[in-house]
1. May I ask you to verify whether residue 226 is closer than 30 Å to residue 89 by Cβ, open to solvent by less than 70 Å² (accessible area, probe 1.4 Å) and not in a strand (DSSP E or B)?
2. For residue 304, state whether it is under 22 Å from residue 79 (Cβ atoms) and of a type in the set (Gly, Ala, Ser).
3. Output the residues belonging to region 106-140 that are part of a strand (DSSP E or B) and either of a type in the set (Ser, Thr, Tyr) or in contact with a Pro (Cβ under 8 Å, 6 or more places away or on another chain) (or both).
4. Hey, can you tell me all the residues within region 138-152 that are open to solvent by less than 70 Å² (accessible area, probe 1.4 Å) and in contact (Cβ under 8 Å) with a residue 12 or more places away in the chain?
5. Working only within region 300-340, note down all residues that are in a helix (DSSP H, G or I) and of a type in the set (S, T, N, Q).
6. Restricting the search to region 356-369, which residues are open to solvent by 60 Å² or more (accessible area, probe 1.4 Å) and assigned to a helix (DSSP H, G or I)?
7. Of the residues 173, 181, which is in contact (Cβ under 8 Å) with a residue 40 or more places away in the chain, part of a helix (DSSP H, G or I), open to solvent by 10 Å² or more (accessible area, probe 1.4 Å) and not acidic (Asp, Glu)?
8. Identify all residues within region 248-299 that are assigned to a loop (DSSP other than H, G, I, E, B) and among the charged types (D, E, K, R); write none if there are none.
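The values are calculated or read from the model by the stated rules, or taken from the named source; none is laboratory data. All values reported here derive from a predicted model rather than from experimental measurement. Ideal geometry is used to build each Cβ from the backbone, glycine not excepted, and the neighbour counts take in all protein chains shown. Each accessible area value is taken on the protein alone, full model and side chains, heavy atoms only, with ligands, DNA and RNA left out. Shrake-Rupley method; radii C 1.70, N 1.55, O 1.52, S 1.80 Å.
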Amino acid sequence: MGTEHASTPEVLVVGAGPVGMVIACDLLQQGFSVRIIDTSPSSTLHSRAVITWPRSLELLRRIGVADELAETGAHLDAVSYYSGRRRLGAIDISRLTETPYPFALCAPQSRTEDVIRRRLKELGGHIEYEVTLTGLDNSGDRPVAELTGAGGGRETVRPDWLIGADGSHSAVRAALGIEFRGTGQDILFAICDAPLTGELPPHEMLYCYSNGGAMGLAPFGDGGYRVACAVPVWNDDDAPPWELFRDNLDRIVPFRTELGELRWTTVFRARRRTAARFRSGRCFLVGDAAHIFSAAGSQGMNTGIQDAINLGWKLAGVRNGTLHEGVLDTYDPERRHSAERISLVTAKQTSWGLLHKPAQVAIRDTLVLGAQRTGALQRLVAPLMSQLTVDYADNREHARADIRWRSAPVRAGLRLTAFPGEPAEDGWPTVAADRLTLLLWAGRARDAEWQRFVAATRAAAPDTLHLVDASGWRALAPALGRVRTALLVRPDGHIAAVQRAPRIDLGGLIDAAALLPDRGDAVRAGTAA
């Protein structure tokens, strides 16, 4: 298959978009040797993903880019829905209290990629452009990849792990023979980036519906907007013209606007496709290589970032000996459930926006107005759209509840308001990036008995755990309350196992998590509170 590459990496990442770069950064900072390739000749100049939701920013703290990203674009406080000239309702992202990022960040994907690429370089990473995966043999104990460069030169690489982050037309997925299953019909959207002036609210993302179609508008904060409108048919070779967007703005958007010269334009096909498997041996699929869905809600890049972080800490834990190898088996079911939920929600939002029969429109508008007036729209949809309700519960009945009317009781699978990365100046709780964190919560009082318990637990805990007395972190109080609690928290901030007073047993807690390597007899007796 060509010549052997001189330095075989531990991980080969195929695809250097935001998702591929995020997982490369995550692995590099944990000591992996990583090679990242991309078939394109250069970085992205224009792209479809413009919204980064709060949960993605939380997770991007892990690689040290969240705060810099937060400065790259507009902070959107709300997402508003209009039918004709009537405002049906809005979700207020700025009212989210259990996150350091109570806003939706709107910035061109090229800016997002610039920030992540700089971090990649700081960590010693380098993107090899115009390098294509042209062969993949996954039948042995390690994948064998054939790569072809721009000049036709070929080489063979045998990484320990291979990650396909190469988009909806993934060469990795095709080489592995993994089916890309789809449901529903494709829906076409014309998209452009252009200056837009007028009476538009400056800090809101807008979804506007009418009998004549549907539009979405999102401000970049510099006078530019992302503009999208549904189109019935289109020749993919033809770029949508200025007149198409101008006509739709006049007919659908309930504000007077002036459209400037188009900076970029394309047609996007809103498909629903999910790979039959996200893992094949030592090969994994992330981002659009694993799943694609409607652009409604701007969830695609965000879901891919969650894939990258979910897989990154698991690979690192297995490689470094802090996690049981079986943790890799959880990647597919956890991320599949999340992707399928997002796919369903975005498909529903797309179809609701394209209703045109008067009776259907009336039902939709009545439901949204009712949800706005009762507070259900804010309580249910804001955390869902922000991806704060992603749930990795083993119990599917629990995990199904991505839309929640009230706060769920503390249990395994839920996101905790403790975030991966280094201790932050903003005071939010943090968890270890490379191992499980044992958080101890005193509840009512941090008395002498509690101090003895913490000391005994620290003495009994294996070195594969990072232990923290979290009782001083007020951000945890709404979830944990006044009951003494011990939690094992994953490097992505989700709870792996939890025990509450009157008895907290360290050995039982570790067994419940089932993620650590063999712990021996040292902690079998446990400690009690």
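1. On the way: closer than 30 Å to residue 89 by Cβ: yes; open to solvent by less than 70 Å² (accessible area, probe 1.4 Å): yes; not in a strand (DSSP E or B): no.
Against the criterion (closer than 30 Å to residue 89 by Cβ, open to solvent by less than 70 Å² (accessible area, probe 1.4 Å) and not in a strand (DSSP E or B)), residue 226 does not qualify.
2. In short, yes.
3. Of the residues in region 106-140, the ones part of a strand (DSSP E or B) are 106, 127-129, 132-137.
Correct list: 106, 129, 132, 134, 136, 137.
4. Initial filter on region 138-152 (open to solvent by less than 70 Å² (accessible area, probe 1.4 Å)): 138, 140, 143-149, 152.
Within region 138-152, 138, 143, 144, 145, 146, 147, 148, 149 meet the criteria.
5. Narrowing region 300-340 to residues in a helix (DSSP H, G or I): 300-320, 325-340.
Answer for region 300-340, where residues must be in a helix (DSSP H, G or I) and of a type in the set (S, T, N, Q): 302, 303, 306, 310, 320, 330, 338.
6. First, the residues of region 356-369 that are open to solvent by 60 Å² or more (accessible area, probe 1.4 Å): 356-360, 363, 366-367.
Within region 356-369, 358, 359, 360, 363, 366, 367 meet the criteria.
7. Details: 181 fails: part of a helix (DSSP H, G or I).
That would be 173, the only listed residue that is in contact (Cβ under 8 Å) with a residue 40 or more places away in the chain, part of a helix (DSSP H, G or I), open to solvent by 10 Å² or more (accessible area, probe 1.4 Å) and not acidic (Asp, Glu).
8. Of everything in region 248-299, those that are assigned to a loop (DSSP other than H, G, I, E, B) and among the charged types (D, E, K, R) turn out to be 256, 261, 263, 271, 272, 277, 282.
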